[in-house]
């Protein structure tokens, strides 16, 4: 059972480690335009590529969509309430508690543990979480609600175009698919390299917010897992859908959160530390789930 975890997490750690090494030894990652390249070109192409390759429309996955939306709404409500009581700044930390890493970590882990039949559910969940990143995430981190900015966000435009493409049943030319594949291929590596760059600057001995980092890392994993288990029970989901939902919701803080924190001047070093802390805790949670909860349909 450990092999799927190793196969899923090792590439992430290698890329982040390479980013940390490059940051210490070179100036290759110092260009401030790199995050902009990811948000304006890479992510929209990644979303479009995933959508046009789907075999069925999003409407055919209504139970999966409803379940993840409910998980996000409940998680946001609980997290915002608790942070307000504790005096934690909602602007920088709400999105990272609500939106998990369902893409570059969640999807391969779901497929490794649940098989290819779970892939479509994992992709649908990841797509909805992407929307949350660029609505809830952009809204709270920018400090202002701007429907115009949200609607003009390249990733939102890509989601709308992809949805229309699927709804109209338009065949995707091979040339377009290959172009999207090429452009989207740069996204996750750059994101992970930038994450490693930030990690290279962290000195845990001088980190004043170690308690906050540890608490947020643990809260991300426990909140996502607990709410997903509750929603799966309330909606009476099919086991494959339920298990995919719980696994995806148990994932760590998404690397996209780090990109957004960098873009809006947030505490990116703390966010980077929370990403790594929650990744380790998430892998432990996934191992527990695979032994206790996923076992009946694990392949």
(request) Quick one: count up the residues across region 100-146 that are farther than 18 Å from residue 224 by Cα and either free of Cβ contacts under 8 Å to residues at least 40 places away in the same chain or touching a strand residue (DSSP E or B) at 6+ places or on another chain (Cβ under 9 Å) (or both). (result) 9
(request) Looking for whichever is free of Cβ contacts under 8 Å to residues at least 60 places away in the same chain, under 30 Å from residue 24 (Cα atoms) and either surrounded by fewer than 23 Cβ atoms within 10 Å (Cβ to Cβ) or more than 14 Å from the chain's Cα centre (by Cα) (or both) here; the options are 182, 199, 218. Which one fits? (result) 182
(request) Return the only residue of 87, 81 being free of Cβ contacts under 8 Å to residues at least 60 places away in the same chain and either at positive phi or touching a strand residue (DSSP E or B) at 6+ places or on another chain (Cβ under 8 Å) (or both). (result) 87
(message) Quick check on residue 271: is it crowded, with 19+ Cβ neighbours inside 10 Å, touching a strand residue (DSSP E or B) at 6+ places or on another chain (Cβ under 8 Å) and closer than 18 Å to residue 197 by Cβ?
(response) yes
(request) Could you please find all residues in region 167-190 being touching a helix residue (DSSP H, G or I) at 6+ places or on another chain (Cβ under 7 Å) and over 12 Å from residue 18 (Cα atoms)? (result) 172, 177, 180, 181, 183, 184, 186, 187, 188
(message) If I ask for residues that are in a loop (DSSP other than H, G, I, E, B), out of contact with any strand residue (DSSP E or B) (no Cβ under 9 Å at 6 or more places or on another chain) and at negative phi, which ones from region 219-254 would you list?
(response) 237, 238
(request) Please tell me if residue 92 is more than 29 Å from residue 241 (Cα to Cα) and free of Cβ contacts under 8 Å to residues at least 12 places away in the same chain. (result) no
(message) Report every pair of residues separated by at least 6 positions or lying on different chains whose Cβ atoms are under 7 Å apart, first residue within region 4-21 and in a helix (DSSP H, G or I), second modelled with pLDDT under 80.
(response) 12/104; 16/195; 16/199; 19/195; 20/199; 20/200
(message) From the list 13, 37, 46, exactly one residue is farther than 22 Å from residue 251 by Cα and in contact with a helix residue (DSSP H, G or I) (Cβ under 9 Å, 6 or more places away or on another chain). Which is it?
(response) 37
(request) Keeping to region 67-110, report how many residues are touching a helix residue (DSSP H, G or I) at 6+ places or on another chain (Cβ under 7 Å), surrounded by fewer than 21 Cβ atoms within 10 Å (Cβ to Cβ) and under 19 Å from residue 236 (Cβ atoms). (result) 3
(request) For residues that are assigned to a helix (DSSP H, G or I) and farther than 26 Å from residue 210 by Cβ, scanning just region 255-293, find the one that is modelled with the highest pLDDT. (result) 289
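The values are calculated or read from the model by the stated rules, or taken from the named source; none is laboratory data. Here the structure is a predicted model, which means the values were calculated and not measured. Don't worry about glycine lacking a Cβ; one is built from the backbone with ideal geometry, like all the others, and counts go over all protein chains shown.
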